[in-house]
Amino acid sequence: MAIPRDRPTTACDAVIETARLRLRPMTDNDLEQMSAMLGDPEVMRYYPAPKTRAEAQRWIDWNKRNYAEHGFGLWIMEDHHGNFIGDCSLTIQHVDGTADVEVGYHVVTVHQGEGYATEAARECLRFAAAAGITRVIAIIDPANLPSQRVAQKAGLHLERKATRKGREQLIFAIALRATAP
């Protein structure tokens with residue numbers, strides 16, 4: 001795994017601003033919006049199934065554990081007026097027995113195709129480089145062409161195919177140069 005253990009990250013307290021977005025840590029107060037998004041069959045069409053409200057709460061809890069353990073996890077993505085756009089950031093994922101840092105993103109249906117996922121993913125890659133992470137992947141369903149375009153626009157390239165949780169997936173990857181914080 002390309003995560004430096006001698007240099008802590010601080011995403012769990014970070015609020016990151018981009019031209020159009022604010023990325024901030026998830027809290028239990030985000031359950032309504034996360035439940036609606038993760039329960040939307042259109043948003044979750046490349047997952048085995050949409051998530052229930054209880055599963056959305058577990059998603060939030062998982063990210064809070066990620067913040068505590070790794071210093072990062074998925075962030076809430078909102079515009080500068082506080083409107084919910086989705087989630088995006090870094091998590092640890094295992095593919096073929098190897099742990100990697102993955103950039104992941106979900107965008108509510110009404111805002112898909114507006115470039116928000118790409119903008120957020122690029123910012124997450126900058127954060128990763130500043131944290132000393134030297135490799136980031138994206139795990140994408142082969143039929144999910146919009147997500148593949150986001151990964152490519154963010155600078156990731158198709159590396160290989162893998163079977164994960166019984167499903168074929170495409171692994172996009174990028175090598176990062178660590179930058180000074």
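Bear in mind these aren't lab numbers, they're just calculated from the coordinates by the rules spelled out. Nothing here was measured: the structure is a model prediction, and the numbers come from that model.
With viscosity set to 0.890 mPa s at 25 °C, what whole-number translational diffusion coefficient in µm²/s follows for the chain from Stokes-Einstein and a Kirkwood radius over Cα pairs?
Working: Rh = 16.3 Å.
Calculated translational D: 150 µm²/s.
Check Asp141: other-chain or 5+ apart residues with amide H under 5 Å from its amide H, H built from backbone geometry?
Here the answer is Leu170, since their amide H atoms fall under 5 Å of that of Asp141.
Take the alpha carbon gyration tensor of segment 93-180, find the square roots of its eigenvalues, order them as a ≥ b ≥ c, and report rounded if a/c is under 1.5; if not, report prolate when a/b exceeds b/c, else oblate. Could the numbers behind the result be given before it?
Details: a/c = 1.99, a/b = 1.04, b/c = 1.92.
Here segment 93-180 falls in the oblate category.
Tell me, what ³J(HN,Hα) does each residue in segment 69-83 have, in order and in whole Hz, if you take phi through Karplus 6.51 cos²θ - 1.76 cosθ + 1.60 with θ = phi - 60° and put x for Gly and Pro?
Once rounded to whole Hz, the list reads 7, 10, x, 8, x, 5, 9, 6, 10, 9, 7, 6, 9, x, 6.
In a Gaussian network model over the chain where Cα atoms closer than 10 Å are linked, find which of Ala99, Ala56, Ala128 has the largest mean-square fluctuation.
Sorting by GNM fluctuation, first place goes to Ala99.
For segment 102-117, in order, what is each residue's ³J(HN,Hα) by Karplus, 6.51 cos²θ - 1.76 cosθ + 1.60 with θ = phi - 60°, in whole Hz (x at glycine and Pro)?
10, 8, x, 7, 9, 10, 4, 3, 4, 10, 5, x, 9, x, 5, 4
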